[in-house]
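Read-outs throughout are calculated quantities, based only on the coordinates presented, and are distinct from any laboratory measurement. If you're wondering where the values come from, they're calculated on a predicted model, not measured in any experiment. Cβ: placed from backbone, ideal geometry, glycine included. Neighbour counts: every protein chain shown.
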Amino acid sequence: MQGLIAYFARRSFLARILTVMVLMVGMASLSMLKLQELPDIAFEEVDITTQYPGATAQDIELNITNQIEKELKSVQGIRKYTSQSTEGVSHISIEVDEAADITKVLRDIQQAVDRVKSLPKDITNPPVVEQRSTSAFEVMTFGVSHDGEYAELQSYSRSLEKALKSLSGVGSVTMTGFNEREFWIEVDPEKVSRYQLTFDDVINAVNSRNLSLSGGVVESWDSEQRIVTMTQIQSVAELGQLVIRVLPSGGLVRLADIATVTDTFEKATEQAVINGQSAILFSVTNSASADIIATIDSIKALINAEQQRLGDQYRFEIGLNLADDMSDKFTIVSINGGIGLILVLLVLSLILKRQIAFWVAVSIPFCVLGVMAILPFLGMNLDSITLSALLLVIGIIVDDSVIIAESIYQEKEKGKRALEAAIDGTRKVIKPIMASLTTTALVFIPMFFIPGTMGKAVIVIPLTVIAALLFSLSECTFTLPAHLANSLKSTEQKASRPDRFQSVTSAYTRLLAGCLNYKKSVLLVAMLMLGTSGWLATTLKLDIFPSEAAKYIEVYTEVTPGTPLDDVKAAHFQLEQAIQALSDNELVSYQLTYSSPATSGLIVLSSFEQRERSAEEILVELNQQLETVDELSFVKLSIDAGGPPPGEPVEIRVLGGNQSEREEAVVQVTDWLNRQSGLNKVTNSEALKDPQLQIMPQYEWLARYNLTVADLATTLRIAFEGETVTSTWLGDQEIEMRVLMDAQYRNIQRLSTTKVYTANGAQVPLSRLAKVEHIDVPRQIQHYNGERQVIVTSQITDQELTPTMISQTLTQALEGKIPASVKVEIGGEAENTNETMSGFVVAFPAAIIGIYFVLAVMFGSLLQPMLVMAVIPFAIAASLMALFVHMQPLSLFALIGVLGMTGVVVNNSLVLINRINELRAEGKVVLEAIVDASTSRLRPIVLTSMTTVAGLLPLAYGVGGTDVYMGPMSLTLGYGLLFSLPVVLIVIPCLYLTFFSRSMKVCDTEESQQMRTGSTFA
């Protein structure tokens, strides 16, 4: 290593070429990197979705969910799985064991699904198995509205969808409020009976008419021609002329004779609204590795072009736009980074010579752009978390460069030639610098093993940090010494300027002398301050993603089950009025998807700096306005603070037992939550009921008519929901044909008289074959690992409460009160928080142990590493106190800042104790070595701390914009380093003296008397 230092220090031209090359390659790479909201992550999570339109939740659970879950039990590598059966949809979410081979498990899951052979025969699409990833998150939503006929809007939306999918960067496009075109065949039962036909006759006739088959090849003397039988139906007029039967008289019974055939749309189950306009809502996802800003710019260009082409015929309203978020984040980083860089340069120039300050400052773009250059090779792009990691390492980069520069400058001040000073100065500190870089890397390496979704999201942080550390080491070893040797060489003949830092050094020496004389008192005061800070830090609220700077509010409402879709929008009139009443500097857009009985939506707020109120304050106001809305039976507004979905604030799983035991446990949990102050919106997953008419077959009468329950169910399904019997293609649009009973017979009054056809064509009224009962059943049925569960949820209104606190109290309060066969487990935000914190609980001790052993090897001592690491608890306390003083919760990125600071803060004490050991090895006594080392290392220690703090605090206070990720991280890292400075300069020397000079009485020596007056070391 020493040979390499000398080799590169002598070649300043090569060093400048290397520096310029890294800067240019980094800038070129930066122009090619894609901007994304989150890193490209394929989670260890798999979704299985099965569509079965018209089926009830119970039907879905019994015939689809249970069948698939039965096969999943044989798949190895599954950690847990949950399912949700709702009207028309079965959704199973699987978490794969992190130690398993996700590719193999995914293949086994697909094979398990394929083995299910007992799914309902009328399911048109098989279950879809997909691995969840960040590329599936929507990046933009917009709505298209039109004052004319819905058919025109539907047709235009389909063509717009195709245009969107052809754009570069667009992954998928889904439409809400879009109803597919269908040919409806509404059969009149009386006319069918008149011609002695059945529904099956109609279905078979339509199926037989709508065919396209190849008949092979026919040969002639000189050519071959292919035979094709093409009988595709092209219009409702053609469909109406379809022959159902030939009468004995020779007459023809056509479809139009017994049914009304219309060209219409599937039955609407939802209606989309954006910014008060009824619309078809487009949700666009980004393709993997595509640039969000470029993708959304191309979408907006298409929309603008369409607006100009169509004029006022169609209106376009933009809702969610993550390009704005990414632009804001990049602007925040740029402005705050620029401010921080100016402050760093100012601090350096005030303490160091201009030539030295310049080359130290160059280390920042060198390392940052160096990381940019290798990000593509690591399969990474620029996203929110990677940008946060880059800001995190800027302080580390400056620290190493300052230590090298100060060491070289001190050697130069001893009278050495510039080149010799560069080589010797670098050699003296390269060992502790390598150790400090290693300890910093050790702090971040355990982050690779944080479990769960959050662990996947933050894995880019250690990758970015370690890459930056490698560039920092290469810059300190190969280029910086050469730059400084060349720069200082030009000043060798000039008279040296007086050291402006000398007065600070003298004052510090006198202070240190006094503290060393009263080291026990100093240590006692330090321990008292540490204990007090630690006690205050225990009052911090744990909130993984704080909502202070959030800009999204999610909306969920419920109306009375059975409310027609046309009345749902009217029930939300006051909700829309309350949203629209928000000021222009708060509200950007809102979108709602109305359905009966549950409605969901999203309110997009402006950036935190542009509004006077936080998202929490806006949410409280909206809740107050909606408390008196009688039309809405349940309203829940929740803040989306960024990051993977954390789950409900309070979420309790009630598992096992029979129906009555679960209901009893749910009542117990619900009653307890309702009694707690600071909680509201208590509900459970089965609270929302669906009014249903349950058909109770009369098996004796079914047997008399040679009918089965399946015959009964099939007849009713065709009659009221309709049966999609076949489809045709008009151009590139597939149009399904639905057979159902005429509208005048599809009502509850006619249900009992609905005719069921026997095998010989006889018609039997439903009232003879079954009884009809009115029941209310859960609209949603959930399972946990194949076991029936009910989830009880609640929202938190008291900001002093945390999900973890509530969950712990509830567990204790209900102990012994729940039926023995029922299990109560904690889920939601508390579960995800505990999972993330468990990763930190493992990562932090692992990092501390790794640091200790690295330092033990370096010092050849078991005690001195403890002295170096003694600064860590003080720095952590300072970081947490910063959150306490600023009234901020302990968030995920605040914890990451604390973790990163742990590796950085060790550097100063490491350099100090290493210098003390060198002076002792030269023959100086412990006291003199401590004072000399502390004095000589004062400037680099102060510089490293002040430059890091200057670079981070603008971001911590949002001078150039507030970011939910980077703000808390900068706050904890900046203040941890700032307040660890007196610990390194005062407490660590006192500890060293205490442990390595127990018998020395400082105040009894002549030398100590001189120290009090500052005459010896001033």
Original post:
Percent relative contact order of the chain, based on C-alpha pairs within less than 8 angstrom and at least six residues apart?
Top reply: 17
Original post:
Taking N as the number of residues in segment 1-130, what value does Rg over Cα atoms divided by 2.2 N^0.38 Å take?
Top reply: 1.89
Original post:
How big is the gap, in Å, between the Cα center of segment 110-189 and the Cα center of segment 565-620?
Top reply: 26
Original post:
If you place +1 on the Cβ of every Lys and Arg, -1 on the Cβ of every Asp and Glu, and leave all else neutral, what size is the dipole of the chain about its Cα centre, to the nearest 20 Debye?
Top reply: 4880
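Normalised by the residues of segment 39-135, what does the relative contact order come to in percent, with Cα pairs under 8 Å and at least six apart? Walk me through the intermediate numbers first.
Values: 174 pairs, mean separation 44.9, N = 97.
After rounding, I find 46 percent.
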**OP:** Work out how much length Leu626 to Thr269 would gain on full extension: take 0.36 nm times their residue separation and subtract the Cα-Cα distance, in nm to one decimal.
**Re:** 126.0 nm
**OP:** Considering the options Pro432, Ile203, Ser589, tell which one lies farthest towards the positive end of the dipole of the chain, charges being +1 on Lys and Arg and -1 on Asp and Glu at the Cβ, about the Cα centre.
**Re:** Pro432
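Give a quick list of GluC sites (Glu not before Pro) in segment 114-156 that DSSP marks as loop, anything other than H, G, I, E or B, with at most 13 other Cβ atoms within 10 Å.
Glu149
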Original post:
Excluding same-chain residues fewer than 8 positions from Lys162, which aspartates and glutamates have a Cα within less than 12 Å of its Cα?
Top reply: Asp732
**OP:** Take the alpha carbon atoms of segment 405-451, find their center, do the same for segment 886-952, and report the distance between the two centers in whole angstrom.
**Re:** 13
**OP:** Just report the Cα centroid separation between segment 1-35 and segment 653-667, whole Å.
**Re:** 66
Subject >> For segment 95-216, radius of gyration divided by Kirkwood radius, i.e. Rg to Rh on alpha-carbons >> reply: 1.09
Original post:
Gain in length, Tyr195 to Arg510, computed as 0.36 nm per residue apart minus the alpha-carbon separation, to one decimal in nm?
Top reply: 102.0 nm
Original post:
Past the 25 Å Cα-Cα mark, which pairs from Lys569/Lys689; Lys416/Lys519; Lys431/Lys456; Lys428/Lys520; Lys34/Lys80; Lys681/Lys823?
Top reply: Lys416/Lys519; Lys431/Lys456; Lys428/Lys520; Lys34/Lys80
Original post:
Mean Kyte-Doolittle of at least 0.5 and a Cα length of 20 Å or more along the axis: which whole DSSP H helices of the chain meet both?
Top reply: 12-32, 322-351, 354-374, 384-413, 418-444, 460-474, 519-537, 828-859, 871-885, 892-921, 938-956, 966-982
**OP:** Rounded to the nearest 500, what is the 222 nm mean residue ellipticity of the chain from helices alone, with -39500 (n - 2.57) per DSSP H run of 4+ residues and division by all residues?
**Re:** -16000 deg cm²/dmol
Original post:
Lys/Arg Cβ at +1, Asp/Glu Cβ at -1, dipole of the chain taken about the Cα centre: which of Ala323, Leu442, Val246 is farthest positive-ward?
Top reply: Leu442
**OP:** Can you quote the Å³ per residue value for the convex hull of the Cα atoms in segment 67-153, rounded to an integer?
**Re:** 155
Subject >> Partners for Lys73 among lysines (Cα-Cα distance below 19 Å; same-chain residues under 8 apart left out) >> reply: Lys104, Lys117
Subject >> the chain pair-distance distribution - Cα-Cα, 20 Å bins, rounded % >> reply: 11, 34, 29, 16, 7, 2, 0
**OP:** Give me the compactness ratio for segment 272-352, meaning the Cα radius of gyration over 2.2 N^0.38 Å.
**Re:** 1.73
Original post:
Using modelled amide H (1.01 Å from N, peptide plane; none on Pro or chain starts), what sits under 5 Å from the amide H of Asp543, excluding residues fewer than 5 places away?
Top reply: Leu890, Ser891
Subject >> Within straight-line cross-link reach of Lys755, lysines at Cα separation under 20 Å, skipping those fewer than 8 residues along the same chain >> reply: Lys191, Lys771
Original post:
Counting DSSP beta bridges in the chain, what percent are antiparallel, to the nearest 5?
Top reply: 95
Original post:
At 20 °C and 1.002 mPa s, what whole-number value in µm²/s does Stokes-Einstein give for the translational diffusion of segment 548-640, with Rh from the Kirkwood sum over Cα pairs?
Top reply: 159
Subject >> Relative contact order, percent, segment 548-640 [alpha-carbon distance under 8 Å, six or more residues apart] >> reply: 49
